[in-house]
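Below is one structure; the comments refer to it alone.
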Amino acid sequence: MKRRGKKKPFWTSMSLGWIMLVFLLAVLINAALLTASSYLLALRTGLVDRYARNPVWPLGLIVLTFIFAVLLSVGFGIPKLRPIHKVNEAMKKVSQGDFSIRLDESRDIGEIHELICSYNHMAEELGNIEMFRKDFINNFSHEFKTPIVSIRGFARQLERDDLSEEQRREYTHIIAAESERLANMSANILLLTKLENQQIITDKADYALDEQLRSCILLLEKQWTDKEIELQLDLDPLTYCGNEEMMSHVWVNLISNAVKYSPVGGMLEISCMQVQDFIVVRVTDHGEGMSAETQMRIFEKFYQGDSAHAAEGNGLGLSLAKRIVDLCGGKITVVSAPDNGSTFSVYLPLENKGPK
Amino acid sequence: MFNILVVEDNANTRKLMTAVLSQNNYFPLEACDGIEALDVLDKKHVDLIILDIMMPRMDGYEFTETLRTSGCEIPILMVTAKEQPADKRKGFIIGTDDYMVKPVDEEEMLLRIAALLRRSKIVNEHRLTIGSTVLDYDSLTVNQPGGEIELPKKEFLLLFKLLSYQNKIFTRRQLMDEIWDMDSESDERTVDVHINRLRDHFRNNEDFEIVTVRGLGYKAVKRK
């Protein structure tokens with residue numbers, strides 16, 4: 001991508017190859033001029049007659065020329081090659097997994113400078129990705145191991161003869177609940193990993209967004225009727241061009257969260273409308289709300305703000321939703337306060353230009 | 001007593017399913033792949049098939065295709081680990097009646113089995129009974145204690161649909177897509193008009209009523 005900004009002096013972006021060629025040409029021309037003018041001068045001053053007879057002079061001049069030529073090219077060439085060697089060494093370290101080396105950007109110009117800047121940028125990005133990956137793996141294995149510990153442990157307990165009826169019931173219930181959690185988590189992780197490797201949304205088509213929201217609401221009918229939730233729907237008929245299956249994950253996630261955190265008999269407001277070039281979908285619940293700290297971290301993988309409900313979910317739903325919305329070139333925000341409910345808003349660009 | 005054939009290659013999964021089915025008053029039959037399943041179908045009467053997809057020798061898709069092309073309309077519930085939308089679509093196109101992704105919730109599976117059996121009965125007999133009211137598909141008539149009413153086709157189909165899936169909410173769009181032509185001139189308000197006419201006809205019917213779910217659509221429920 002070309003950087004537009006202050007106009008940089010043209011020699012900083014000239015190709016190294018061209019510089020070499022120009023230099024060579026300059027040297028040749030200068031050499032020719034020098035030879036010609038020296039000869040003419042010598043001719044004029046009679047030096048030719050005096051010194052040409054003696055072979056030492058012309059030979060000496062030739063030898064001197066060679067020595068100067070060698071000194072000049074070595075003096076110019078080696079410093080230019082050194083940063084390339086440095087970058088080479090640093091790249092070797094990167095291929096072995098060491099992203100920590102940074103090179104000094106201040107000294108060189110032109111293509112060498114760009115090479116060094118590019119290397120530094122690349123090492124920084126790789127370092128960040130590595131950090132996320134390590135974090136994710138740690139979180140992930142912990143989240144998986146925890147239910148497995150319960151399932152295995154309590155299953156072994158159930159093999160004993162000396163348990164009370166109540167203990168037996170309780171342990172069996174725990175095994176069922178933790179297995180359920182694992183099942184949900186593996187489905188989410190699979191989807192999340194698939195999305196992480198995607199840069200664009202595929203399989204886009206026009207469809208009715210309001211109807212999709214109604215379908216998603218109906219999908220969760222059991223959850224909201226069990227809790228006697230009152231639905232207030234304000235859905236404008238809107239057409240959206242996107243991947244219907246992906247988007248349904250977003251809506252189901254937001255709505256099931258809203259139901260989960262609503263009190264029994266509470267109200268849930270779901271709306272969709274067009275605002276300028278965007279479609280705005282809002283899901284509002286009047287439940288527990290979130291602290292400012294929770295709000296900041298809520299889209300992180302595996303993060304669960306509320307420890308009371310932690311057993312029901314796995315902290316991946318909102319990361320998934322955010323990833324999908326990002327891939328659509330949209331935005332997802334939350335406004336919330338403790339005991340005052342939460343409103344999640346999803347902004348989808350109608351033009352659907354793709355991720356920024 | 002319904003015979004349900006479980007076609008699944010994993011022994012534990014099969015064991016689990018047959019246990020759940022027996023406990024719910026169904027009679028389970030077992031097969032470990034498509035070929036064995038065809039054998040069972042030859043020898044016994046089967047009301048419904050629970051079908052895994054990934055099996056050796058003959059997989060679920062092949063089995064369904066074989067069944068459907070030979071004219072067998074036994075309801076099929078695919079239960080499989082394959083969860084991609086493309087897999088689902090393939091299943092439905094080949095001829096399955098329903099599709100669940102493993103691991104399945106047993107309760108949900110039982111509900112779907114019940115719905116499939118019910119619809120199959122309706123399809124087979126072309127009539128739907130609710131309490132003392134009977135809907136006859138072939139004559140588009142509704143027989144209730146007060147007398148018999150013949151309904152215009154679209155009205156009948158609307159009522160039939162809602163009562164076939166009792167308690168299920170349908171959006172106006174879903175009803176339109178099913179009962180009216182895709183490119184007809186009517187819009188969703190037409191559905192409202194027809195629903196009101198149905199309500200007029202059956203205001204005094206003691207077996208069912210049509211309920212509006214605000215913002216979502218309509219459903220038919222049994223009257224208490």
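The values are calculated or read from the model by the stated rules, or taken from the named source; none is laboratory data. Since we're looking at a predicted model, the values are computed, not measured. Ideal geometry is used to build each Cβ from the backbone, glycine not excepted, and the neighbour counts take in all protein chains shown. Accessible surface is based on the protein model in full, side chains and every heavy atom, while ligands, DNA and RNA are left aside. Shrake-Rupley method; radii C 1.70, N 1.55, O 1.52, S 1.80 Å.
Brief remarks follow.
- In the stretch A:101-125, the residues that are open to solvent by 80 Å² or more (accessible area, probe 1.4 Å) and small (Gly, Ala, Ser): A:SER106
- Among residues of the stretch A:82-117 being closer than 16 Å to A:GLU130 by Cβ and of a type in the set (Ser, Thr, Tyr), the one that is modelled with the highest pLDDT is A:SER95.
- Condition check for A:VAL252: under 15 Å from A:GLY317 (Cα atoms), away from chain B (no Cβ under 12 Å), open to solvent by 30 Å² or more (accessible area, probe 1.4 Å) and modelled with pLDDT of 90 or more: yes
- Residues satisfying the stated conditions in the stretch B:101-118, i.e. among the hydrophobic types (A, V, I, L, M, F, W, C) and under 19 Å from B:TYR165 (Cβ atoms): B:MET109, B:LEU110, B:LEU111, B:ILE113, B:ALA114, B:ALA115, B:LEU116, B:LEU117
- Of all residues in the stretch A:180-196, exactly one satisfies the criterion of being of a type in the set (Val, Ile, Thr) and touching a residue at least 40 places away in the same chain (Cβ under 8 Å), namely A:ILE189.
- Tally of residues being at pLDDT below 85 and either open to solvent by 90 Å² or more (accessible area, probe 1.4 Å) or within 14 Å of another protein chain (Cβ to nearest Cβ) (or both) across the stretch A:137-156: 2
- Only one entry in A:LEU213, A:LEU233, A:LEU218 is assigned to a strand (DSSP E or B), within 11 Å of chain B (Cβ to nearest Cβ), in contact with a Leu (Cβ under 8 Å, 6 or more places away or on another chain) and not polar (S, T, N, Q), namely A:LEU233.
- Restricting the search to helices (runs of 4 or more DSSP H) fully inside the stretch B:142-216 and requiring at least 3 residues that are over 25 Å from B:LEU116 (Cβ atoms) and open to solvent by 30 Å² or more (accessible area, probe 1.4 Å) gives B:188-201.
- Pair list, Cβ < 7 Å and 6+ apart or interchain, from the stretch B:68-88 residues that are away from chain A (no Cβ under 14 Å) and at negative phi to residues that are surrounded by 14 or more Cβ atoms within 10 Å (Cβ to Cβ) and hydroxyl-bearing (Ser, Thr, Tyr): B:PRO75/B:SER120; B:ILE76/B:THR64; B:ILE76/B:THR96; B:MET78/B:THR96; B:MET78/B:TYR99
- Entirely in the stretch B:1-120, the helices (runs of 4 or more DSSP H) that have 3 or more residues that are open to solvent by less than 70 Å² (accessible area, probe 1.4 Å) and under 30 Å from A:GLU245 (Cα atoms): B:60-69, B:85-94
- Among the candidates A:THR284, A:THR239, residue that is modelled with pLDDT of 90 or more, among the polar types (S, T, N, Q) and open to solvent by 60 Å² or more (accessible area, probe 1.4 Å): A:THR239
- Failed criterion for A:ILE62 (all others in (1) modelled with pLDDT of 80 or more; (2) in a helix (DSSP H, G or I) hold): (1)
- Reported count of residues in the stretch B:190-211, each being out of contact with any helix residue (DSSP H, G or I) (no Cβ under 8 Å at 6 or more places or on another chain) and within 14 Å of chain A (Cβ to nearest Cβ), is 1.
- Hits in the stretch A:257-276 (condition: over 14 Å from A:ASP236 (Cβ atoms), of a type in the set (Ser, Thr, Tyr) and open to solvent by less than 40 Å² (accessible area, probe 1.4 Å)): A:SER262
- Within the stretch A:180-196, not a single residue is farther than 21 Å from B:GLU83 by Cβ and within 12 Å of chain B (Cβ to nearest Cβ).
- Residues of the stretch B:121-139 satisfying the condition of being open to solvent by 30 Å² or more (accessible area, probe 1.4 Å) and polar (S, T, N, Q): B:ASN124, B:THR129, B:SER132, B:SER139
- Residue check: B:GLU125 meets all listed conditions (1) touching a Ser or Thr at 6+ places or on another chain (Cβ under 9 Å); (2) of a type outside the set (Ser, Thr, Tyr); (3) away from chain A (no Cβ under 14 Å) but one, namely (1).
- Scanning the stretch A:157-170 turns up at least one residue that is surrounded by 15 or more Cβ atoms within 10 Å (Cβ to Cβ) and more than 13 Å from every other protein chain (Cβ to nearest Cβ).
- Residues that are under 36 Å from the mean Cα position of the chain (by Cα) and of a type in the set (D, E, K, R), drawn from the stretch A:222-251: A:ASP234, A:ASP236, A:GLU244, A:GLU245
- Check on A:LYS301, of a type in the set (Lys, Arg), buried (at least 20 other Cβ atoms within 10 Å of the Cβ) and not in a loop (DSSP other than H, G, I, E, B): no
- Taking (1) open to solvent by 50 Å² or more (accessible area, probe 1.4 Å); (2) not in a loop (DSSP other than H, G, I, E, B) in turn, A:LEU191 satisfies each apart from (1).
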